Each structure stands twice: as C-alpha cells, then as structure tokens.
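Peer 1: Handing you a structure now.
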Amino acid sequence: GENVEQHPSTLSVQEGDSAVIKCTYSDSASNYFPWYKQELGKRPQLIIDIRSNVGEKKDQRIAVTLNKTAKHFSLHITETQPEDSAVYFCAAKGRGASGGSYIPTFGRGTSLIVHP
Amino acid sequence: DAMVIQNPRYQVTQFGKPVTLSCSQTLNHNVMYWYQQKSSQAPKLLFHYYDKDFNNEADTPDNFQSRRPNTSFCFLDIRSPGLGDAAMYLCATSRDYGVGQFFGPGTRLTVL
C-alpha cells in the first residue's frame, strides 16, 4: 500500500513568518493529495488539495506544490497567524492495505505553533 | 447545517462491554469511512463502505465491525472493548474516491 512520510513533526514559527510542511509518498500511481487541518479537540478539515496533473495550487495564504518525479508535495503557509496553530495532515490517495480500492493514506501530522 | 453527525460525542464503557457508535450524513455521499485516532497520531483507517460494499483494512482487529443499513447511516461496533481501544473515533464521508473527505466531530471512547 501507499506510504506517506511527513516532516517536520513539530514546527514553531513567529507570527508573520512562513511555514513549510513536506510530505513524500511511495505509490507512483497516487494522483490526489489533500491537506487537512485539525485544531485541538476538533475534527480534521480539508484546507486544500492538489491533483497530479497540476504542479501548484494556491488559495490566499495557503499553497501546495507537487513534484511527481520526486514523489513529494509541500504545504506553504505565508504570513502565519496564531489561528493557524493546529496539526496539519497530508494525505495521498493510494491503495489501501487490503490492496483494493484507492483510499487516502495520512501522514503522521505536523504540529504547527505560531507565536504571537 | 451539520453534514456529518456522530453520536454520542463521548462514550464511556467497561472493559469487555460491547459498544456501538453511530454516524449519519446529510451529504448523500457514496463513501463512508471509520477512523481511529489516538493522541498525537494520524487517523488510522479501520474500514470503509462504498455504497454497500464493505472494505476492511488488513490490520483492523476482528473486534471491530461495521454496518451500513442505508446511505445515510453507518455504525461502528466494538464487540469487546479493551483498554487499548480508548481513542477518538472519526467518521468521514466523501462523494467518491479521490476527492476530499468530510469528517464528523468524533466520538471520544473511554474504556474503564
């Protein structure tokens, strides 16, 4: 099945700085890469996603880049604010452990702390 | 406006006492997922349904079962909860494979 590695596990930045979270995946057939934000005690929420036919996607202060050759993708947050503090999960759509349908595999998560 | 609803939000059970968690959705999505999330870890997929087709993850213990009686509802049954099953259980839906998932608020399970 798909294997997703996510780094760093913890990221601490000052308000206004940029934050970058990186993920690598193993299944070259994966073609969908969502990012989720999970605030403390809340549900994960989709914040941005990218498909394999696109190299970059941007939504206000958030952008995602994809390098299919290297099998890695990154989340970029500019002008960080304290409310960006949360755990961020990347995911890649690959085969599940059962070998059947294509389902997303999550990275381990990055705890982003934005200091005011 | 709630799109994915989970009940109860908090469940306390005793070691070995069966428990059922429920999930309902108003999105009419084809796919429903159950995840287990422990503190500071990523959600771990237990199984999912595409319509009525059940898909179990290879490493999901037999202690965990699921039912989807109709499009809107999905249940997670834990037949004999152990201390290690204490976790947040998240239900999610998606219209199809390869699109974003909507997560419910989760059920926090405590096993005494």
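A short reminder: the numbers here are calculations on the coordinates, not readings from a lab. On a predicted model such as this, the values are computed, not experimentally measured, just so you know. Using ideal geometry, Cβ is built from the backbone for each residue, glycine included, and neighbour counts are taken over all protein chains shown.
Peer 1: Relative contact order for chain B: what is it in percent, counting Cα pairs under 8 Å that are at least 6 residues apart?
Peer 2: 38 percent
Peer 1: Also: What ranking do B:Met88, B:Met3 get, fewest neighbouring Cβ atoms within 10 angstrom at the top?
Peer 2: B:Met3, B:Met88
Peer 1: By per-residue mean of other Cβ atoms within 10 Å, what is the highest-first order of B:57-65, B:32-40?
Peer 2: Top to bottom by mean Cβ count within 10 Å: B:32-40, B:57-65.
Peer 1: With an 8 Å cut-off on Cα pairs and a minimum separation of 6 or more residues, tell me the relative contact order of chain A in percent.
Peer 2: Normalised by residue count, the contact order of chain A is 37 percent.
Peer 1: Over 22 Å between Cα atoms: which of A:Lys42/A:Lys68; A:Lys22/A:Lys57; B:Lys17/B:Lys52 fall into that group?
Peer 2: Beyond 22 Å: A:Lys42/A:Lys68; B:Lys17/B:Lys52.
Peer 1: With the Cα gyration tensor of the protein assembly as shown giving a ≥ b ≥ c as the square roots of its eigenvalues, does the rule (a/c under 1.5 for rounded; else a/b larger than b/c for prolate; else oblate) give rounded, prolate or oblate?
Peer 2: Cα axes put the protein assembly as shown in the prolate bin.
Peer 1: From the phi of every residue in region A:7-12, what ³J(HN,Hα) in whole Hz does the Karplus formula 6.51 cos²θ - 1.76 cosθ + 1.60 yield, where θ is phi - 60° and glycine or proline is x?
Peer 2: Taking θ as phi minus 60°, the curve returns 9, x, 7, 9, 9, 10 Hz for region A:7-12.
Peer 1: For a quick check: sort B:Leu112, B:Leu76 by the number of other beta carbons within 10 angstrom, fewest at the front.
Peer 2: B:Leu112, B:Leu76
Peer 1: A follow-up question, please. Rounding to the nearest 20 debye, state how big the charge dipole of chain B is about its Cα centre with +1 on each Lys and Arg Cβ and -1 on each Asp and Glu Cβ.
Peer 2: 300 debye
Peer 1: Can you sort B:Phe54, B:Phe102 by how many other beta carbons sit within 10 Å, fewest first?
Peer 2: B:Phe54, B:Phe102
Peer 1: Further question on the same structure: Projected onto the charge dipole of chain A (+1 at Lys/Arg Cβ, -1 at Asp/Glu Cβ, origin at the Cα centre), which of A:Ala19, A:Val64, A:Val87 gives the Cα projection farthest towards the positive end?
Peer 2: Going by the charge dipole, the pick is A:Val64.
Peer 1: Let me ask another. Taking each residue in A:24-30, count the Cβ atoms of any other chain within 10 Å of its Cβ, then average. What number comes out?
Peer 2: Mean shielding by partner chains, rounded to a whole number: 0.
Peer 1: Per Stokes-Einstein, at 4 °C and 1.567 mPa s, what whole-number D in µm² s⁻¹ belongs to chain A, with the Kirkwood radius over Cα pairs as the hydrodynamic radius?
Peer 2: 91 µm²/s
Peer 1: Could you work out, residue by residue across A:37-45, how many beta carbons of other chains sit within 10 Å of that residue's beta carbon, and then give the average as an integer?
Peer 2: Per-residue shielding by partner chains comes out at 4.
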